[in-house]
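A.B. asks: Here's a structure for you.
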Amino acid sequence: MLIPKEDRKKIHEYLFREGVAVAPKKYEIQNEEIGTRNLYVIKAMQSLTSRGYVKTQFSWQYYYYTLLPEGLDYLREWLHLPAEIVPATHIKQQRSHAPPRGMMGEGERERRPFGRGRGGDRGDREGGYRRRDAGEGKEGGAPGEFNPQFRGGFGRGRGRGGEAPPS
């Protein structure tokens, strides 16, 4: 397809600057990110894909284009750019020198009382939800003399005609 040179240049500059491009599968709209017709974007990327310069992924009616190393060299030559300029996806981000959260010492970490952690305030309960001290025995539950009786007649175990199931 014949694409005007100024639009092709916009598309190639955007792809080189970002390293990736996204285009919805709608041919009649304007691509807002690049500033040209979406049909031109899709067809220019199709051309670069067929030459092996761009990888195409299609999902949920969107085209996702990723610049490959061969395409980087091609676009650098096509746009007449020096080797020092690289796409945004090739630039490593600066890391802060602070240690990761889990690696801090006990003295540096803020101590939180029970019930004030990730779950927020637990109301007036002392010590959090169902927390027992190590010295106490088993609390709560059924009393020792509890003896359940199953008499039948309810649910699936119901016998025929209302009488008890045979033993």
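A.B. asks: Could you tally the net charge around residue 6, taking each other residue with its Cβ under 14 Å from the Cβ of residue 6, Lys/Arg +1 and Asp/Glu -1?
C.D. replies: +3
A.B. asks: Still on this structure, please answer the following. Starting from the 7 Å offset along Cα-to-Cβ, what nm value, one decimal, do you get for the label separation of residue 96 and residue 6?
C.D. replies: 4.5
A.B. asks: Where Lys and Arg each count +1 and Asp and Glu each count -1, what net charge lies around residue 79 among other residues with Cβ under 14 Å from its Cβ?
C.D. replies: 0
A.B. asks: Taking residue 25 as the anchor, which lysines have their alpha carbon closer than 30 Å to its alpha carbon, excluding any fewer than eight residues away along the same chain?
C.D. replies: 5, 9, 10, 43, 55
Where a number appears in this text, it was derived from the coordinates with a stated rule and is not lab data. Bear in mind that the values here come from a model prediction, so they are computed numbers and not experimental data. Cβ coordinates were reconstructed from backbone atoms using ideal geometry, including for glycine residues, and neighbour counts include every protein chain displayed.
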